[in-house]
1. With point charges of +1 on the Cβ of Lys and Arg and -1 on the Cβ of Asp and Glu, referenced to the Cα centre of the chain, which listed residue (ALA42, GLY29, PRO113) lies farthest in the positive direction of the dipole?
2. At what distance in nm do the modelled label points of ALA96 and LYS130 sit from each other, each positioned 7 Å from its Cα along Cα→Cβ?
3. Please give the per residue accessible area of the chain, computed with a probe of 1.4 Å over protein heavy atoms only, in Å².
4. Carbon and sulfur atoms: what percent of the 1.4 Å accessible area of the chain do they account for?
5. Amide H to amide H, which residues 5 or more places from PHE5 or on other chains are under 5 Å from it, using H placed in the peptide plane?
6. When the Cα centres of region 66-137 and region 1-26 are compared, how far apart do they sit, in Å?
7. Which of the following values of percent of Cα pairs over 24 Å apart was calculated from the structure shown: (i) 25; (ii) 52; (iii) 43?
8. State to the nearest 20 debye the size of the charge dipole of region 25-128 about its Cα centre, where the only charges are +1 on K and R beta carbons and -1 on D and E beta carbons.
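The values are calculated or read from the model by the stated rules, or taken from the named source; none is laboratory data. Because the structure is predicted, anything quoted here is derived from the model rather than measured. Backbone-built Cβ (ideal geometry, glycine too); neighbour counts: all protein chains shown. Heavy atoms of the whole protein, side chains included, go into the accessibility calculation; ligands, DNA and RNA do not. Shrake-Rupley method; radii C 1.70, N 1.55, O 1.52, S 1.80 Å.
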Amino acid sequence: MNITFVCTGNTCRSPMAAAIFYQRMLEAGRGDIQCRSAGLGAAEGQPVSANAVEACKEIGVDIAGHVAHRLRGIDMVHTHLFVVMEETHQKILVEAGMAKGQVYLLGNGISDPYGKDLEAFRQCRDDIQKALVDLEQFVFNDATEVFEKLKK
């Protein structure tokens, strides 16, 4: 299964969420789940936020090598599930033609820490970690059924 985590600029939330979730999947023995991240308005090649790197490093997740990637059509073709950080992102993807069941809002939305201090990034990281519990439940239990319906 290919999962793409989506935010706006792809320098904070989605790279953090993708890397944390991927590490959790590896720890759960689910190497079959691939995680990427992209931004709806990303400036290609922009480095990840230093505070995002630090917040993830504190929990043993390395995102230092990440560079921003703009969501493209090819990503939409190869992605089974989009995990978005805001309802606005969800609306944009559904309007672009993705099935509503293929776009998953993480938690009740994840606040953007862009331009804020390290503490805001720690809070964002912690919010992501809490919300990933429900995403794991969805991926392990419900996603297969959703994808089977999409194939029909």
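1. ALA42
2. Result: 2.9 nm between the two label points.
3. With all protein chains present, the chain gives 50 Å² per residue.
4. Numbers: 3780 of 7630 Å².
Answer for the chain: carbon and sulfur cover 50 percent of the accessible area.
5. It is ARG36, SER37, ALA38, VAL83, by chain and number.
6. Spelled out, the Cα-based centre of one part sits 8 Å from the other.
7. (i)
8. Charge dipole, region 25-128, about its Cα centre: 320 debye, nearest 20.
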